[in-house]
1. Quick one: angle between helix 3-28 and the longest Cα principal axis of the chain, in degrees between 0 and 90, rounded to 10, please.
2. Kindly report the accessible area of the range 123-173 per residue (heavy atoms of protein chains, probe 1.4 Å, no ligands, DNA or RNA), in Å².
3. Quick one: helix 33-45 against the long Cα principal axis of the chain, what's the angle to the nearest 10°, folded into 0 to 90?
4. Can you give the local net charge around Asn122? Use residues other than it whose beta-carbon is closer than 11 angstrom to its beta-carbon, Lys and Arg +1, Asp and Glu -1.
5. Using only Cα atoms, tell me the angle between helix 47-70 and the longest principal axis of the chain; keep it within 0 to 90° and round to the nearest 10.
6. For the range 5-64, with every protein chain kept in place, what is the accessible area per residue (1.4 Å probe, Å²)?
7. Work out the FRET efficiency for Asp80 and Ser57 from their Cβ-Cβ distance, taking R0 = 45 Å, and round it to the nearest 0.05.
8. Taking R0 as 45 Å, what's the FRET efficiency between Leu17 and Glu87 from their Cβ-Cβ distance, rounded to 0.05?
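The values are calculated or read from the model by the stated rules, or taken from the named source; none is laboratory data. Just so it is clear, the model here is predicted, and its values are computed rather than measured. All Cβ positions, glycine included, derive from the backbone under ideal geometry; neighbour counts span all protein chains shown. For the accessible areas, the whole protein counts, side chains as well, though only heavy atoms, and no ligand, DNA or RNA atoms are used. Shrake-Rupley method; radii C 1.70, N 1.55, O 1.52, S 1.80 Å.
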Amino acid sequence: MKILDKITLVLFSIIILAISIILSLLMFGWIRFTTINIFFNSIIQSGTITNIVLGASIVCALLALRAIFFGGASSEDVGDGILLENEAGKLLISKDTIENLVNGVAKGFANTQSVTTKVLVNSSNELKIFVTLMVLPNTVINELSMNLQSRIKEVVKNVADLEVKTIDIKIKNITTPDNKQEG
């Protein structure tokens, strides 16, 4: 969500909250309509305050028109991947693509089996990769983990030109070569 959309949402939320509170107070009889009328008359009679209220009203009207006619999801809104742009155009790399790339790298290691990957992309297009796998007996897990993390970062950088912030590896189990499982 862009900053202008957030500001618009906050402004309208505050306005609706104020109107709701005033209407509730009127309905319960805790304030009288004449009190509100006196308040607005005093605002209108002051030239400076009238100009401020008029300016705020115009800004709110313009924001309302923008939200009505130009609101909603824009073409820049990509929740399922990373949008890259250059002078020639745009490229959307989906999280599935990155997950398949990481799975391929992990399956390329001799001691890994049953690889599953999850990719998270934050608003700054930073990648966090979570890899869950099973390994064969006699695997040096720390060495495999470091090599796998290094290789994944290298391949993602070379193939997709993306920087990986973190790669978390979870060893689910140690399995035997006869007990292969696909994940």
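1. Its long axis makes an angle of about 50 degrees.
2. Values: 3060 Å² over 51 residues.
For the range 123-173, the solvent-accessible area averages 60 Å² per residue.
3. Between the helix axis and the principal axis of the chain, the angle is about 90 degrees.
4. In short, +1.
5. Helix 47-70 sits roughly 40 degrees off the main axis of the chain.
6. Numbers: 4750 Å² over 60 residues.
Per residue, the range 5-64 has an accessible area of 79 Å².
7. Values: r = 39 Å, r/R0 = 0.88.
Using R0 = 45 Å, I get an efficiency of 0.70.
8. Details: r = 46 Å, r/R0 = 1.01.
E between Leu17 and Glu87, to the nearest 0.05, is 0.50.
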